[in-house]
Amino acid sequence: MRHLRWIVALAAVVGLAGAQAPLTIATGGVAGVYYPVGGGYAQIVDQFVPGYTATVEATGASVDNVAFISRGDSDIALALADTVLAAYAGTGRFGPGGSLPRLPNLRVITVAYTNAVHVLTLEGSGIENLQDLRGKRVSVGSPGSGTEVSARTMLEAVGITYDDFQVERLGIGETADALRDGAIDAGFWSGGVPTGGVLSLAETRQIRLVPISDEEFAQINAADSTLIRYLFPAAAYRGTPETASVGTPNLIIVSSEMDEELAYQFTKQLFANIGVIQAIHPSAFETAPAAALASPVPLHLGAIRALEELGLSVPASLKVD
């Protein structure tokens, strides 16, 4: 992350002149939750982290974001835990037989909130469970997204491959439009609840959240332990009942090369001013210091310092030199 070292040096040299060093925050599509939540992180930086300013980037989400962080194209990002763990450990798409390289320099600030995997369809589609996706037109998420990573894991865990249905790769806004227009039969979306794109669809069509059975969940969790049980509350979207599904924690990630003082200040001010983000989206009520200890990937040294100042005992497994 050569440009970040330059930014830190610049802030130190011209700080007396009031210059603000720029940071970029990689998020997701504008119709999802990452984008507005990332805007909240930018506000935290702008208002409470001396010497820095931040801008938000709309991206393809998790898979893109881990690459951006690793190579220094972005400074802070949101990404799904299963994607981050695979990239850090070099498994799945990031493994020896995959198409993407291992990214061992990823570090975590904290666990932000849990994404709910929405398996969306419309009432009357005849899709009552995952097996009913066979032979249908299904969006598995946009290219470069953690949604597709989760969707593929879930489907393969219950014996479904991409050969079993017509694959589309759409973001949440496109998925909502395609469902509304009858261009697809179902779509996956991994996002906070509520997600704006789903809310909008539910206002004009009667949507259905496809439930994940206990047997299916056991198979999915065995395939990837970062995929946990999630229960959509009744009326999470207009007309939807309580529905059992799968969730994935979202991580705020940075590079191991981020300046320790910057990571410390961002973590400290994030927790001290979390109300800024709670006013933007209710998912931020899950962003608490203790949640960081559930990270599947090591924390940044600066984040560890901030958490220990708050009285938390960070386990050795989350500490890496």
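The values are calculated or read from the model by the stated rules, or taken from the named source; none is laboratory data. Keep in mind the model is a prediction, meaning the values are calculated, not measured. Glycine also receives a Cβ, built like all others from the backbone with ideal geometry; neighbour counts cover every protein chain displayed.
Here is how the numbers come out for the structure above:
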{"read-out": "Condition met for SER70 (surrounded by fewer than 24 Cβ atoms within 10 Å (Cβ to Cβ) and either under 25 Å from LEU231 (Cα atoms) or modelled with pLDDT under 95 (or both))", "value": "no"}
{"read-out": "Qualifying residues in the stretch 154-192 (those that are within 16 Å of the chain's Cα centre (by Cα) and not hydrophobic (A, V, I, L, M, F, W, C)) - the one farthest from VAL117 (Cα to Cα)", "value": "GLY171"}
{"read-out": "First in the stretch 61-76 and within 20 Å of TYR264 (Cβ to Cβ), second anywhere and among the aliphatic types (A, V, I, L, M) and assigned to a strand (DSSP E or B), Cβ under 6 Å, 6 or more apart", "value": "ILE69/ALA77; ILE69/ILE253; SER74/ALA26; ASP75/LEU23; ILE76/ILE25; ILE76/VAL254"}
{"read-out": "Leading residue by the ranking (surrounded by the fewest Cβ atoms within 10 Å (Cβ to Cβ)) among those in the stretch 246-287 that are among the hydroxyl-bearing types (Ser, Thr, Tyr), closer than 28 Å to SER225 by Cα and at pLDDT 95 or above", "value": "SER256"}
{"read-out": "GLY144 modelled with pLDDT under 95, within 23 Å of the chain's Cα centre (by Cα) and not in a helix (DSSP H, G or I)", "value": "yes"}
{"read-out": "2 or more residues out of contact with any Ser or Thr (no Cβ under 7 Å at 6 or more places or on another chain) and among the aromatic types (Phe, Trp, Tyr): qualifying helices (runs of 4 or more DSSP H) within the stretch 227-311", "value": "260-272"}
{"read-out": "Any pair with Cβ under 8 angstrom, 6 or more apart, that starts in the stretch 119-136 at a residue that is under 19 Å from TYR237 (Cα atoms) and ends at one that is hydroxyl-bearing (Ser, Thr, Tyr) and assigned to a strand (DSSP E or B)", "value": "VAL119/SER245; ILE127/THR121"}
{"read-out": "Selection from the stretch 105-132 of residues that are in contact with a helix residue (DSSP H, G or I) (Cβ under 6 Å, 6 or more places away or on another chain) and either acidic (Asp, Glu) or assigned to a loop (DSSP other than H, G, I, E, B) (or both)", "value": "ASN105"}
{"read-out": "Qualifying residue in the stretch 217-234 (condition: farther than 25 Å from LEU85 by Cβ, surrounded by 15 or more Cβ atoms within 10 Å (Cβ to Cβ), in contact (Cβ under 8 Å) with a residue 12 or more places away in the chain and not polar (S, T, N, Q))", "value": "no"}
{"read-out": "Long-range neighbours under 7 Å by Cβ, at least six apart or interchain, first residue assigned to a loop (DSSP other than H, G, I, E, B) within the stretch 157-173, second polar (S, T, N, Q) and surrounded by 13 or more Cβ atoms within 10 Å (Cβ to Cβ)", "value": "VAL158/GLN219; ARG169/SER139; ARG169/SER142; LEU170/SER139; LEU170/SER142; GLY171/SER142"}
{"read-out": "Hits in the stretch 4-42 - residues which are surrounded by 15 or more Cβ atoms within 10 Å (Cβ to Cβ) and modelled with pLDDT under 50", "value": "LEU4, ILE7, VAL8, LEU10, ALA11"}
